[in-house]
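Just so it is clear, none of the values below were taken in a lab; they were calculated from the coordinates. The structure presented is a predicted model; accordingly, all values stated were derived computationally and were not measured. With ideal geometry, Cβ positions are generated from the backbone for all residues, glycine too; neighbour counts draw on all protein chains shown.
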Amino acid sequence: MVDWRNPPKLFIPGPVHVLPEVLQQLARPTLGHRAKEYSQLHEETIKLLKQILFTEQYVFLSTSSASGIWEASIRNCVNFDETVLCCMCGAFSDKWADVAKKCGRNVEELKVEWGMPHTVEAIDRKLAERKYKAMTIVYNETSTGVTNPLYDIAEMMKKKYPDVLVFVDAVSGMIGLPIHFDKLGWDVVFASTQKAFAIPPGLTVFAVSKRAMEKAKTVPQRGYYFDFVEFAKSDEKHQTPTTPAIPHIMALNYQCHRLVKEGMENVWARHKKMGEFVRGWAKQKWQLLVDEKYASNTLTVIKNSRNAVIGDIIKAVQAKHNAVFGNGYGKLKDLTFRIAHMGDITLADVKQLCAWIDEQTK
Ligand SMILES: Cc1ncc(COP(=O)(O)O)c(C=O)c1O
């Protein structure tokens, strides 16, 4: 029998395990969202996030999950008569293309097989075909465990297609993987907080470039809840356009202080170490889905090379140790399983989890 009051430790790729001290932040007395105290919390948090994302442009907080910013990036920055190139490499990037279509925009698809990364060459060839106004791409595809080579892609785009706006879904990448927003020349990047920020779900952090904001001002029918221009106006008062998830922002503030204190280079190195360990284990006992060169440092997708019933292993580990890892996602459901190693999960935690999985597959 499961009991939500005694939940398992989460090794699924989001929501991830949250430390008790972070949960305590969510229990602080609430603030009035137009009060000076809130503005102070907001300003301080945004300042820290700018350090974490290496940007001096806009950083906003959205009381929504990340999917809201899939829609926002399109509705704010792409006109109805323009075409957006959607790079698709798995369930989440595929979904983003779907969202762009549902927003009534013209979408051109660039697909690679699930488990493969996008390459500089293929994107270059596609962008050379016609005049695209914007491109969507996922940094870390959570369904396959691929990290796309976005630093290389950014270099190529800055040189050859400087006018194409770049929207990056970094939902399972932000914090665990480097993001130098300004240097990369990206226009929108976002992540919900239930991934490597290691906060419960309910809030999304997003950065917007100045040129994307200028573009937004010219795009009609941007909608209301996710209007970038409204976010910018409220930002001047260190506020959000609507009542935000204040408890989450308190927890985010706490996590940002910890991250800045640790130093982002160290944070990325910590994630890399966990990734290396899980990949080493997976290669010994199972197989990796992804070429190691593109394998994610925030989650590992492991091929079910032993033809095991993954659901039974997950259930057995939960029953014995009160911990859960992820099954495969979408069409990879029974063919793979997924272990998250991000946020406040430690190397000792993942070592323990791998040993528990071994116990069930001797
Ligand atoms: C890469 C990626 N993009 C988008 C999403 C959707 O995020 P949310 O559930 O916060 O809307 C997810 C969720 O797992 C994801 O992994």
proj_area_mean for region 264-360 (convex hull on C-alpha atoms), units nm², value 6.2 nm²
Among all stretches of the chain without exposed GluC sites (Glu not before Pro) (DSSP loop, at most 13 other Cβ atoms within 10 Å), which one is longest? 237-362
The answer for the per residue Cα convex hull volume of region 1-150, in Å³, is 182 Å³
Which of TYR38, VAL171, GLN221 sits farthest toward the positive end of the charge dipole of region 20-261, with +1 on the Cβ of Lys and Arg and -1 on the Cβ of Asp and Glu? TYR38
Of all trypsin sites (Lys or Arg not before Pro) in region 31-65, the ones in DSSP coil with at most 13 other Cβ atoms within 10 Å are ARG34
Quick one: P(r) of region 116-237 from all Cα-Cα pairs, 5 Å bins, percents rounded to integers, in order of increasing distance. 2, 10, 19, 21, 20, 16, 10, 3, 0
Loop-located trypsin sites (Lys or Arg not before Pro) in region 146-240 whose Cβ has at most 12 other Cβ within 10 Å (DSSP): LYS237
Hey, which aspartates and glutamates would be in cross-link range of LYS101, C-alpha to C-alpha under 19 Å, not counting anything within fewer than 8 residues on its own chain? GLU71, ASP81, GLU82, GLU109, ASP169, ASP227
Regarding the chain, what is the average projected area of its C-alpha convex hull, in nm²? 17.5 nm²
The chain: longest segment with zero exposed chymotrypsin sites (Phe, Trp or Tyr not before Pro), where exposed means DSSP loop plus at most 12 other C-beta atoms within 10 Å, is residues 81-223
Links exceeding 22 Å between C-alpha atoms in this model, out of LYS111/LYS133; LYS9/LYS195; LYS47/LYS215; LYS126/LYS158; LYS126/LYS333, come to LYS47/LYS215; LYS126/LYS333
One quarter of the convex hull surface, Cα atoms only: what value does that give for region 40-112 in nm²? 6.1 nm²
Considering amide H positions built from the backbone, and no H for Pro or chain starts, which residues 5 or more places from SER305, or on another chain, come under 5 Å of its amide H? GLN287
